[in-house]
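Some notes on the structure that comes next.
Any read-out appearing in this document is the output of simple, stated calculations on the displayed coordinates, not a laboratory observation. For clarity, every value in this text was computed on a predicted model and none was experimentally measured. Every residue, glycine among them, receives a Cβ derived from its backbone with ideal geometry; neighbour counts consider all protein chains shown.
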């Protein structure tokens, strides 16, 4: 036998042996990631322009999620189809925390988080569309504070959202500017929709029902951003906001009486029009200074007075029958009547007239009271004639790329 033949035979035997070994010892496979692990990985490895899809189904998440890459979209199959459930959350202060510009989240739900459901922090150009946040056990003080929660951000669109069960505010925008909240529903929160320490906001075509307070526009002391102003609240349905206040003790929103349709606290240049207020048991609209809270403050830059509040062309149906406020209970006992539709605490701004603070016009048979809070509620007045004035209409908020 030739040497060449021997070598070729040896090669054939070696090939067969290797093949046999290959069949007996397959290459180890990577373990399949769970949905939560896969989603965490996609968020960590995201690149600008990525779309992260949340498929239909209820997906259990045990740890808080975060994103800090600009230009990412998170998209589900619908707020009743794609559900991120944090009912078994063991880690994290929020459900989803985003610190990124040009961010879009749409068509999904976030349920039962330990803390805030969706927090957007220091971000520009944010779209939150058809997102539901909910605590499914009902209104409890152990629920997370905020449902949808952009803060220190700008150019924010919240459209078609649903927020249920927050122990502070369902839809909250704080210390931000250029804001639109529209076509949304807030119910069974302490505050349904809240704009706080923010500038240039439009809140319209929403339904706020069964909250403690339907819509709040606040400006508070000792925050990095102050001087809240220029908010329009219009064409909303503000109905039956009579849920008992379930805010944890110490929260400022815990001061809101159950049965408050809308409250403006220490904010300026607010236009309220085209809304329907129905059966809010304390009062439909309340305008107050920060002094009404009786909380001390030591912020020299803070303005505690509301100014240039213009309430016009609204509809009022019922309300004021069972107030959840000691001064208003005393007023009702004294008059035997329901609390008026519009309540002003009567705290005067130094150097200003009453008409500089509040103008009321074309609301039909609207009732009004000045509580005279600055004088210990000594002489409430029901005379609205000094407030029969008008203020210039505020400008519409426009966001780049938004086509309503």
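Helix 3-24 and the long axis of the chain differ in direction by around 30°, with both axes built from C-alpha atoms. Shown for 289, 66, 85: other C-beta atoms within 10 Å of each C-beta, ranked fewest to most, produce the order 66, 85, 289. With neighbours defined as other Cβ atoms within 10 Å of a residue's Cβ, the residues 72, 98 order from fewest to most as 72, 98.
Using only Cα atoms, locate the centre of segment 217-257 and the centre of segment 365-404, then give the distance between them in Å, rounded to an integer. Centre-to-centre (Cα) distance: 16 Å.
Efficiency by 1/(1 + (r/R0)^6): what FRET value for residue 293 and residue 36, r their Cβ-Cβ distance, R0 = 41 Å, to the nearest 0.05? All intermediate terms of the calculation are to be shown ahead of the outcome.
Numbers: r = 42 Å, r/R0 = 1.02.
Once the sixth-power term is evaluated, E becomes 0.45.
Gain on full extension, evaluated as 0.36 nm per residue between residue 124 and residue 315 minus their Cα-Cα distance, stands at 65.2 nm. Taking 0.36 nm per residue of separation and subtracting the Cα-Cα distance, full extension of the segment from residue 322 to residue 377 would add 17.9 nm.
First obtain the Kirkwood hydrodynamic radius of the chain from its Cα pairs, then insert it into the Stokes-Einstein equation at 10 °C and 1.306 mPa s, and state the resulting D in µm² per second as a whole number.
Working: Rh = 22.9 Å.
Stokes-Einstein gives a translational diffusion coefficient of 69 µm²/s.
By other beta-carbon atoms within 10 Å, ranking 329, 343, 253 with the fewest at the front produces 329, 253, 343.
In units of the rule-of-thumb radius 2.2 N^0.38 Å, segment 342-404 shows an alpha carbon radius of gyration of 1.51. Ellipticity at 222 nm from helices only: DSSP H runs of n ≥ 4 in the chain, each -39500 (n - 2.57), divided by the residue count, give -3500 deg cm²/dmol. Between residue 276 and residue 337, residue separation times 0.36 nm minus the direct Cα-Cα distance comes to 19.8 nm.
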